[in-house]
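**Student:** The structure that follows is given in the form of structure tokens.
Just so it is clear, none of the values below were taken in a lab; they were calculated from the coordinates. Keep in mind that this is a model prediction, so the values were computed, not measured. Here the Cβ is made from the backbone with ideal geometry for all residues, glycine too, and neighbour counts use every protein chain on show.
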Amino acid sequence: MLEVLKSSTIETSGRIERAATRIGAVIGGTNLQLALAVGRIVIEEVYDGDLSAWRQRGQKDSSLRQLAADPRLTISASALYRAIGIYELKVRLPHHPMWDMLTACHLRAVLGLPEGEQGRLLDLATQNGWTIQAIERAAAASRDSHKSSRGGRPRKPGLVRAVEFAERALMEDSEGGGAPASFQGLAGDERDDLIRRLRLLQERCDELAAVLQADDAGDALPSRALRTWSERSLRGQHGPRSVTEVADSYVGP
């Protein structure tokens, strides 16, 4: 039994070595060419050319993490997974006109969607000359729809995700105490600009909190509050105000 395990480990190491060597040789082409080449190499070397074996193992397969850890490569396991996904599209839809019109970012947007939905969005993107942002929006809407139909939690709005991301980043910076190391070495004008941005963000956060509190109490419609916020932003009125002042301006007569 021990000999079998040892033999399997050696075989896996050999596969990873060959894949890393071949991927290193193709780096330098366009993003789409690179993604297709990397995806093909991983399937051929790590999965014996069998896409179904990759599908069965899924994104958590340790082989992808082992390959990504190779010091000769600057590519993550998730990037390898996306490259395989794009290669799988090429195998499944080899003659689709998208290959002459779309980029790797277009194709990446539809990964993870059902095959039929992938084809529908790629058809629309090709026929209508969609931008990357357009197909990303359509793919996000499709994911929301599929999650809702399965009873899953809907995708969070972009602003909510941005707030959560900012909270994580700021909390990580605060764990060490004192000013973040990234502040060190900032020039005077860069510090002034950063202070301006932080004050503006502080005001916006106060205003959003007031909007949510007012909506919770049924005192004002969020759309009205956000419209007031947008109009004032266009006029350049960025002076800091307290939460009470913001709330008063939104829930007044």
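**Student:** Quick one: if you stick a label point 7 Å off each Cα along the C-beta vector at THR131 and ASP48, how many nm between them?
**Tutor:** It is 4.7 nm.
**Student:** Work out the FRET efficiency for ALA187 and SER76 from their Cβ-Cβ distance, taking R0 = 41 Å, and round it to the nearest 0.05.
**Tutor:** Once the sixth-power term is evaluated, E becomes 0.80.
**Student:** While we're on this one: Counting other C-beta atoms within 10 Å, and keeping those with at most 13, which DSSP coil trypsin sites (Lys or Arg not before Pro) do you find in the stretch 42-144?
**Tutor:** LYS60, ARG72
**Student:** Local charge sum around TYR47 (other residues, Cβ-Cβ under 10 Å, Lys/Arg +1, Asp/Glu -1)?
**Tutor:** Counting the neighbours of TYR47, the net charge comes to -2.
**Student:** Quantify how much of the Cα-Cα distance distribution of the stretch 7-149 extends past 26 Å, in percent.
**Tutor:** It works out to 27 percent of all Cα pairs.
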